[in-house]
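Engineer: Pasting a structure below so you can have a look.
The values are calculated or read from the model by the stated rules, or taken from the named source; none is laboratory data. Quick caveat, the model's predicted, so the values are computed rather than measured. No Cβ is skipped: glycine too gets one built from the backbone with ideal geometry, and neighbour counts run over all protein chains shown.
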Amino acid sequence: MSAAAANPLDEILNTAKLLVLSGSGGVGKTTSSAALAVLAAQRGRRVLVLTIDPARRLLQALGLQGDSPDGKPAANVAHPVLPKLADQLPGGVAPGGCLDAMMLDASSGAIAMVERLLPTPELRDQVLNNRIYRAFLPTLQASPDYMALELIFELAQSGRYDLLVLDTPPMHNALDFLRAGNTLASFINERVLKWFSKVPLPGAKPKGGLLGWFGAGSSMAMGVLGKLFGSDALPDIAQFFVAFQDVLPRLKERALATDAMLRQPSTQFLVVTAPGETSLREARHLYDQLRSHGIAVAGFVVNRVLQVPEALHGGGNPAELRQRLGHLGLVGEQLERVVEQLTEAARRLEHLRTSDSGQFDALRKLAGKHGFCSAVPQREGDIHHLAQLRELAQAILDGVASGVVP
Ligand SMILES: Nc1ncnc2c1ncn2[C@@H]1O[C@H](COP(=O)(O)OP(=O)(O)OP(=O)(O)O)[C@@H](O)[C@H]1O
Ligand SMILES: [Mg+2]
């Protein structure tokens, strides 16, 4: 391939710092994320793939079947894949290349996040043992999207990896997921900050008892909390507010930084989709939604595209079929019936093929001059080996290349 027709996905795999794969349910986001991560690591980058609920087969391909009863490895921990399994990969791994895999489980992320945000170990202990905080934990955990994004932000900041590949939840949740930083930042608005700032610094003597700390606007909330937790919980409530007075502005700052991370040029998005009108319509919708949130999409991956043999392009040829079937000993009415059925099947396949290819062209147009649309063939059998993931990555790359206009 000439330099003028450089493959844009090659460029992304070699230079991006965060690659996000989004799309509808079951289209192959998790598998494609792992596949592209394997390829980037093989080229010598330090890669972490963050997956959400990977299938057992994929865990098997990554060598990650844990000893736990559900066969899943520990969540939110980086598990080494490459160079550990380099001998399973034809071509090995370039020097320096490594791949770790992490299964995201946002439900345990809230504790880790608050731990990261609290400045001293004493405060950390106080908050984590605080009755009110523990009661609030499920509320924080109800925002798993943000927990996951925050963890990704933390990993991106750590400098441990050159590239993070992020698999996202199915489409209708993907936007909530990607907006989580912004949503949280706007929740922690001036009013909330002011409300918390009414609490005096630790050690100060409250005027008019603990309730006096919270002013008119918050005394009602204090009253509610007091009722919920009992009046003996008031010191816990006060401690919670004091700790969070410090944490909330940081939380907001980080939420904004997390949101900004998604819009940096070193962050790239791919929309993964299946062929077929409904899936492709959803992919276009997701593309528009992402763009309307200021997120640029590098390209589309149309996965599991039906491969129609070239001999059947155009709908099959009845005369040729008749001749071939004649050689097999079919004659008369029986021959005509089989020819008719096969011609009809070929016609339907041709219809699917042309309708898919028309849709791909529309996606290519939508992706624009700098974007791409890669059609990836449906593979036979499931993907359960590292070498198969590598093959899938190659198929995605080849699909991009075949659509690149030199
Ligand atoms: N090109 C392909 N050919 C054959 N099978 C494939 C291909 N791509 C993915 N698969 C298979 O499709 C199934 C679904 O893939 P995957 O779990 O990656 O989808 P997903 O988009 O992450 O799903 P979910 O939305 O449920 O998270 C898996 O069994 C995977 O092995
Ligand atoms: Mg998945």
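Engineer: Please go through region 17-33 and give me each residue that is at negative phi, under 12 Å from the mean Cα position of the chain (by Cα) and near ligand 1 (Cβ under 8 Å from one of its atoms), ordered by number.
Structural biologist: SER24, GLY25, LYS29, THR30, THR31, SER32, SER33
Engineer: Any idea how many residues of region 296-315 are touching a Cys at 6+ places or on another chain (Cβ under 7 Å) and of a type in the set (Gly, Ala, Ser)?
Structural biologist: Total satisfying the criteria: 1.
Engineer: Can we say ALA34 is within 16 Å of ligand 2 (Cβ to nearest atom), touching a helix residue (DSSP H, G or I) at 6+ places or on another chain (Cβ under 6 Å) and hydrophobic (A, V, I, L, M, F, W, C)?
Structural biologist: When the stated conditions are applied, ALA34 passes them.
Engineer: What residue, among those in region 377-395 that are within 16 Å of ligand 2 (Cβ to nearest atom) and modelled with pLDDT of 90 or more, is surrounded by the fewest Cβ atoms within 10 Å (Cβ to Cβ)?
Structural biologist: HIS384
Engineer: Please determine, by comparing only the residues of region 265-301 that are in contact (Cβ under 8 Å) with a residue 60 or more places away in the chain and part of a loop (DSSP other than H, G, I, E, B), which one is nearest to ALA156 (Cα to Cα).
Structural biologist: Taking the candidates together, the pick is SER266.
Engineer: Also, I was wondering about something else. Out of (1) polar (S, T, N, Q); (2) over 17 Å from LEU164 (Cβ atoms); (3) near ligand 1 (Cβ under 9 Å from one of its atoms), what's the single condition that is false for GLN65?
Structural biologist: With respect to (1) polar (S, T, N, Q); (2) over 17 Å from LEU164 (Cβ atoms); (3) near ligand 1 (Cβ under 9 Å from one of its atoms), GLN65 is out only on (3).
Engineer: Within region 305-318, can one find any residue that is under 30 Å from LEU99 (Cα atoms) and at pLDDT 90 or above?
Structural biologist: Yes: region 305-318 contains one or more residues that are under 30 Å from LEU99 (Cα atoms) and at pLDDT 90 or above.
Engineer: While we're here: Could we say that ASN317 is within 30 Å of ALA180 (Cβ to Cβ) and not charged (D, E, K, R) here?
Structural biologist: In short, no.
Engineer: Is there any pair linking a residue in region 48-64 that is without any contact (Cβ under 8 Å) to a residue 40 or more places away in the chain to one that is more than 14 Å from ligand 2 (Cβ to nearest atom) and polar (S, T, N, Q), with Cβ under 7 Å and at least six apart or on different chains, and which?
Structural biologist: Between residues of region 48-64 that are without any contact (Cβ under 8 Å) to a residue 40 or more places away in the chain and residues that are more than 14 Å from ligand 2 (Cβ to nearest atom) and polar (S, T, N, Q), the close pairs are LEU59/GLN65.
Engineer: Looking only at region 44-60, count how many residues are at pLDDT below 95 and either in contact with a Ser or Thr (Cβ under 8 Å, 6 or more places away or on another chain) or surrounded by 21 or more Cβ atoms within 10 Å (Cβ to Cβ) (or both).
Structural biologist: 8
Engineer: While we're on this one: Tell me which of these ASN7 doesn't satisfy, since it passes every other one: (1) of a type in the set (S, T, N, Q); (2) in contact with a helix residue (DSSP H, G or I) (Cβ under 7 Å, 6 or more places away or on another chain); (3) within 16 Å of ligand 1 (Cβ to nearest atom).
Structural biologist: (3)
Engineer: In the set ALA86, ALA75, which member is more than 20 Å from LEU262 (Cα to Cα), more than 16 Å from ligand 1 (Cβ to nearest atom) and small (Gly, Ala, Ser)? Before you say what the answer is, go through the steps one by one.
Structural biologist: Details: ALA75 fails: more than 16 Å from ligand 1 (Cβ to nearest atom).
It is ALA86.
Engineer: Mind listing whichever residues of region 1-31 are in a helix (DSSP H, G or I), within 16 Å of ligand 2 (Cβ to nearest atom) and touching a Pro at 6+ places or on another chain (Cβ under 6 Å)?
Structural biologist: Scanning region 1-31 gives a single hit, THR30.
Engineer: Please go through region 50-94 and give me each residue that is in contact with a strand residue (DSSP E or B) (Cβ under 7 Å, 6 or more places away or on another chain), among the hydrophobic types (A, V, I, L, M, F, W, C) and either within 16 Å of ligand 2 (Cβ to nearest atom) or on the phi > 0 side of the Ramachandran plot (or both), ordered by number.
Structural biologist: Matches in region 50-94: LEU50, ILE52, LEU62, LEU64, ALA75.
Engineer: Please specify each residue of region 366-385 satisfying the condition of being within 20 Å of ASP10 (Cα to Cα) and either without any contact (Cβ under 8 Å) to a residue 40 or more places away in the chain or under 22 Å from the mean Cα position of the chain (by Cα) (or both).
Structural biologist: Within region 366-385, ALA367, GLY368, LYS369, GLY371, PHE372, CYS373, SER374, ALA375, VAL376, PRO377 qualify.
Engineer: Continuing with the same structure: Which one of GLY329, GLY358 is of a type in the set (Gly, Ala, Ser), assigned to a loop (DSSP other than H, G, I, E, B) and at pLDDT below 90?
Structural biologist: Step by step, each of GLY329, GLY358 is checked, and only GLY329 is of a type in the set (Gly, Ala, Ser), assigned to a loop (DSSP other than H, G, I, E, B) and at pLDDT below 90.
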